Amino acid sequence: MTWDSIIPRETKNEISRSARNDIAREDNARELTYLEAIRDALQYEMRRDPRGLVMGEDVGVFGGAFKLTQGLFEEFGEERVIDTPMSELCMVGAATGMAFMGLRPVVEMQFADFISTGFDSIVQFAATNHYRWGAPVPWVIRAPSGGGLRGGPFHSQNPEAWFVHAPGLKVVAPATPADARGLLLSALRDPNPVIYFEYKALYRSIRGNVPEGEEGIVPIGRAKTARAGNDLSIITYGAPLHEALKAADELARENVSVEILDLRSLKPLDTDAILETARKTSKVMIVHEANLTCGVGAEIAALISQHAFEFLDAPIVRLAAPDIPPPYAPILEDASRPNKEKILQAAKKLLAY
Amino acid sequence: MEFSNELLEQAHYWMRLTRAFDDRLDLLFKQGKLVGGLFSQRGHEAISVGAALALGPDDVITPMHRDLGAYFARGMTPARLMSQYMGRATGPSGGRDANLHGCGDLSLGIVGFVSHIPQSTPVAVGMAHAFKLKREPRVALNFFGDGGSSEGLIHEALNWASLYQLPVVFIVENNQYAYSTPTKNQMRMPDIAARAAGYGMSGVVIDGNDFFAVHKTTKEAVERARGGDGPALLECKTMRMRGHAIHDNMSYVPKELLAEWEPRDPLLLFEKRLREMNLLDDVKQNELLTRIEREIDAAQAFAENAPMPDPSKLTEGIFAE
Ligand SMILES: Cc1ncc(C[n+]2csc(CCOP(=O)(O)OP(=O)(O)O)c2C)c(N)n1
Ligand SMILES: [Mg+2]
């Protein structure tokens with residue numbers, strides 16, 4: 001399967017349009033897709049900061065497996081948009097060396113699934129370095145994550161929990177175009193190694209207004225109330241945010257008011273915002289695409305039970321993929337991922353508790 | 001290549017300092033004054049010092065656990081290093097990392113390593129990549145062992161360095177063992193340097209106990225790399241003269257092998273040459289050894305009197321601000 005083939009026809013045309021010199025639309029409306037917002041942040045920051053560079057497999061001439069870096073090679077040249085060999089472990093180690101010597105590398109994993117091949121370089125070297133001997137490692141790894149594209153076990157993974165568990169890394173997972181740009185700009189300017197999870201399923205399916213220039217920079221570590229409500233809190237991040245929003249719309253028709261907290265950053269976690277929403281609604285559902293056991297949801301549930309126990313009116317519910325590799329057949333994949341229907345079902349049970 | 005008297009004097013000092021410091025560490029370990037384990041440097045002095053002295057002040061190194069001499073030659077003081085071995089606040093890692101691990105200081109061009117061998121190798125490659133992109137005439141020098149050469153990352157890093165023709169030189173310290181594993185159980189081919197051909201870079205086998213050979217070859221490779229001719233793989237053959245670490249009595253090493261290498265001690269060979277060149281006599285040698293003992297005494301006193309790390313700062317610095 002070529003990944004080009006899963007990109008719908010219209011978006012292919014859109015890609016070639018946006019591949020022109022500047023991706024910001026002529027009309028300045030700045031309604032961008034999630035993918036365009038990421039590209040815009042890369043382009044903006046590389047124009048602003050000559051230390052910035054992008055590297056990865058097929059990111060240059062070809063424009064990346066998802067065409068996300070398209071146009072950057074033409075603008076910045078082969079020294080700042082580097083087509084690398086298939087060597088993720090070396091790529092991350094090299095990014096660390098470049099960062100030591102004053103560059104600001106962004107590594108693109110072709111798929112988040114392949115980040116495991118760079119594990120030692122990330123969690124043993126880069127993550128521990130500042131604590132051990134004080135040299136900062138300012139790089140960003142972009143990791144195209146998640147399912148919904150029928151990618152099967154090795155093109156659909158959500159490996160964020162591994163990195164949240166490793167001391168010394170920052171981990172972000174934006175769900176909207178504005179946050180995708182705003183968090184990437186923060187990540188690119190952060191003196192620490194940041195793993196930036198981006199959601200393939202959102203690349204071209206989600207669009208929204210995206211601020212320009214220095215506007216709209218989203219600080220790492222701050223969650224956002226995506227929807228205010230009183231009866232139930234859904235705490236989520238990444239692609240399932242949009243399923244949660246749809247579920248909340250439906251529940252609103254039944255006069256149920258749902259609050260949705262979009263974490264945006266997974267490390268550091270916005271503990272205050274998590275506890276605040278739990279205390280406010282007293283019923284909490286955590287939704288993520290990654291599998292259940294020791295996922296980010298477990299940490300959030302633990303935080304709430306420890307610090308907001310007396311506010312709860314029901315046990316905390318976690319909705320996540322089961323502990324299986326992401327399956328391939330559509331009927332299996334759909335059965336494994338949290339979606340609007342499952343959120344609705346779980347919400348109704350929780351509300352009735 | 002000419003070896004100036006000044007260079008040879010420096011090399012003599014650093015190699016003797018490395019040997020004496022290593023002996024002192026052994027003693028301090030037995031007195032219970034060091035924290036954790038200890039890797040002997042014995043047999044590696046000509047490699048670590050010879051290679052490090054081939055660099056200019058702006059070059060960088062990613063040393064491994066038998067490169068104490070390279071730390072000294074790059075300017076890390078005995079007091080800081082002794083502090084590191086004693087887990088004191090005044091060591092480069094402030095008590096957070098063990099012995100030569102995490103013993104980095106970028107102002108000296110030294111990258112601290114992690115235990116995970118050979119995770120420093122791609123970091124050296126990345127630094128060299130930065131030099132090339134920034135058009136800086138600097139070189140990165142990476143060290144790894146015969147055991148480390150079996151890790152897959154070495155392939156990735158050598159390929160990457162060669163692909164982009166980066167100014168990086170790889171020094172393999174082949175001391176014939178990786179913990180208890182002799183090289184014959186590590187690889188079929190006798191020379192790791194022979195792999196260089198597969199990457200289109202030069203590979204050279206060097207007598208790692210001969211300071212002159214190590215220094216001269218490294219210097220050539222470094223200057224070629226600096227001039228844009230790309231990386232090189234230099235394999236220094238030596239023998240690990242002690243156990244893998246201090247707990248290890250190396251019962252698995254044949255006595256005859258050690259006896260064969262004993263007279264090839266890098267310091268003895270070097271000093272013999274200095275005497276032949278009329279650069280060394282008994283008086284000078286005694287002066288040097290006395291001076292070094294005094295310096296190590298001072299480093300030890302410094303470290304023993306240095307503050308312990310502050311447990312109230314346990315979680316500080318996990319992120320850079
Ligand atoms: C990835 C990894 N596996 C295992 C170890 C444990 N270990 C530490 S040193 C060593 C042997 C290293 O041999 P070599 O590279 O030849 O260096 P030497 O100690 O002989 O100088 C081993 C197995 C490690 N540090 N890293
Ligand atoms: Mg060895």
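Details
- What the Cβ-Cβ distance of B:Ser180 and A:Glu341 gives, at R0 = 60 Å and to the nearest 0.05, is a FRET efficiency of 0.55.
- Gaussian network model of chain A, Cα within-10 Å springs - most flexible of A:Asp262, A:Asp113, A:Asp334: A:Asp334
- Cα convex hull volume per residue for the protein assembly as shown (Å³): 169 Å³
- Summing Lys and Arg as +1 and Asp and Glu as -1 over all other residues whose Cβ lies under 13 Å from the Cβ of B:Ala193 gives a net charge of -3.
- When the trypsin sites (Lys or Arg not before Pro) in region A:185-262 are filtered for DSSP coil states and for at most 11 other beta-carbon atoms within 10 Å of their beta-carbon, no site remains.
- Sites A:Glu254 and B:Ser115, calculated FRET efficiency, Cβ-Cβ separation with R0 56 Å, nearest 0.05: 0.45
- Amide H to amide H, with H built 1.01 Å from N, B:Phe113 comes under 5 Å of B:Gly102, B:Cys103, counting only residues 5 or more places away or on other chains.
- Cα shape, chain B, gyration tensor, a/c 1.5 rule: rounded
- Footprinting exposure proxy ranking of B:Leu158, A:Leu332, B:Leu53, fewest other C-beta atoms within 10 angstrom first, gives A:Leu332, B:Leu53, B:Leu158.
- Computed from backbone phi, the HN-Hα couplings of region B:280-289 come to 9, 9, 4, 4, 4, 4, 5, 4, 4, 5 Hz, rounded to whole numbers (Karplus: 6.51 cos²θ - 1.76 cosθ + 1.60, θ = phi - 60°; Gly and Pro given as x).
- Loop sites in region B:170-251: trypsin sites (Lys or Arg not before Pro), DSSP, at most 11 other Cβ within 10 Å: B:Arg188
- Neighbours of B:Asp207 by Cβ distance under 10 Å: Lys/Arg scored +1, Asp/Glu scored -1, total +1.
- Bridges between two residues of the protein assembly as shown, per DSSP, are antiparallel at a rate of about 15%.
- In degrees, nearest ten, helix A:240-253 long axis to first principal axis of chain A (Cα): 40 degrees
- For the peptide A:191-202, the mean number of other protein chain Cβ atoms found within 10 angstrom of a residue's Cβ is 1.
- Computed on the Cα atoms alone, the convex hull of region A:155-253 gives a volume of 130 cubic angstrom per residue.
- Given charges at Cβ of Lys, Arg, Asp, Glu: the protein assembly as shown dipole, positive-most of A:His288, A:Val210, B:Ala194: A:His288
- Counting only Cα atoms, the size of region A:224-351 along its three principal axes is 42, 34, 23 Å, in decreasing order.
- Computed from the Cβ-Cβ distance with R0 of 35 Å, the FRET efficiency linking B:Arg291 to B:Lys255 stands at 0.50.
- Label point of B:Asp26 set 7 angstrom out along Cα-Cβ; within region B:57-73, amide nitrogens under 17 Å from it belong to B:66-69.
- GNM top mover of A:Ile300, A:Ile331, A:Ile234 - chain A, alpha-carbon springs below 10 Å: A:Ile331
- Look at the dipole of region B:5-304 built from charges on Cβ: of B:Asn174, B:Ser162, B:Tyr13, the Cα furthest out on the positive end belongs to B:Ser162.
- Test item: Cα-centred dipole of chain A, Lys/Arg +1 and Asp/Glu -1 on Cβ, debye: 400 debye
- Exercise: per-residue mean of other protein chain Cβ atoms within 10 Å, A:121-132: 6
- Taking other Cβ atoms within 10 Å as a rough exposure proxy, B:Ser93, B:Ser251 sort from fewest to most as B:Ser251, B:Ser93.
- Exposed loop sites were defined as GluC sites (Glu not before Pro) in DSSP loop states (anything but H, G, I, E or B) carrying at most 16 other C-beta atoms within 10 Å; in chain A the longest segment without such a site runs A:80-211.
- The ellipsoid equivalent to the alpha-carbon distribution of region A:3-210 has semi-axes of 26, 19, 16 angstrom, derived from the gyration tensor eigenvalues as √(5λ) and listed largest first.
- Fewest-first sequence of A:Lys267, A:Lys342 by Cβ atoms within 10 Å of each Cβ: A:Lys342, A:Lys267
- Expressed to the nearest 5 percent, the antiparallel share of DSSP beta bridges inside region B:5-304 is 10 percent.
- Look at where the Cα atoms of region A:230-290 and of region B:155-220 average out, and the two centres are 55 Å apart.
- For region A:35-112 versus region B:23-97, the gap between their alpha-carbon centres in whole angstrom: 36 Å
- For residues of B:109-122, the mean tally of beta carbons on other chains within 10 Å: 5
- Total formal charge among the other residues, if their Cβ is under 15 angstrom from that of B:Arg226, Lys/Arg +1 and Asp/Glu -1: 0
- Region A:3-210: antiparallel DSSP beta bridges as a percent of all, rounded to 5: 15 percent
- Cα-only Debye scattering, chain A: base-10 log of I(q)/I(0) at q = 0.09, 0.10 Å⁻¹: -0.47, -0.58
- Region A:3-210 - charge dipole about Cα centre, Lys and Arg +1 at Cβ, Asp and Glu -1, debye rounded to 20: 360 debye
- Mean-position separation - Cα centroids, region B:284-321 and region B:247-264, in angstrom: 31 Å
- Loop-resident chymotrypsin sites (Phe, Trp or Tyr not before Pro) (DSSP state other than H, G, I, E or B) in region A:107-200 with no more than 14 further Cβ atoms inside 10 Å of their Cβ: A:Phe154.
- Using alpha-carbon coordinates, inclination of helix A:271-281 to the longest axis of chain A, degrees: 30 degrees
- Per-bin percent of Cα-Cα distances, region A:156-213 [10 Å]: 21, 48, 27, 3
- Rounded to the nearest 20, the Cβ-based charge dipole of region A:224-351 about its Cα centre (Lys and Arg +1, Asp and Glu -1) stands at 80 debye.
- Placing unit charges on the Cβ atoms of the charged side chains and taking the dipole of chain A about its Cα centre, the candidate lying farthest along the positive direction among A:Leu89, A:Gly147, A:Gln306 is A:Gln306.
No lab work stands behind these numbers, since they all come straight from the coordinates. Here the structure is a predicted model, which means the values were calculated and not measured. Cβ coordinates were reconstructed from backbone atoms using ideal geometry, including for glycine residues, and neighbour counts include every protein chain displayed.
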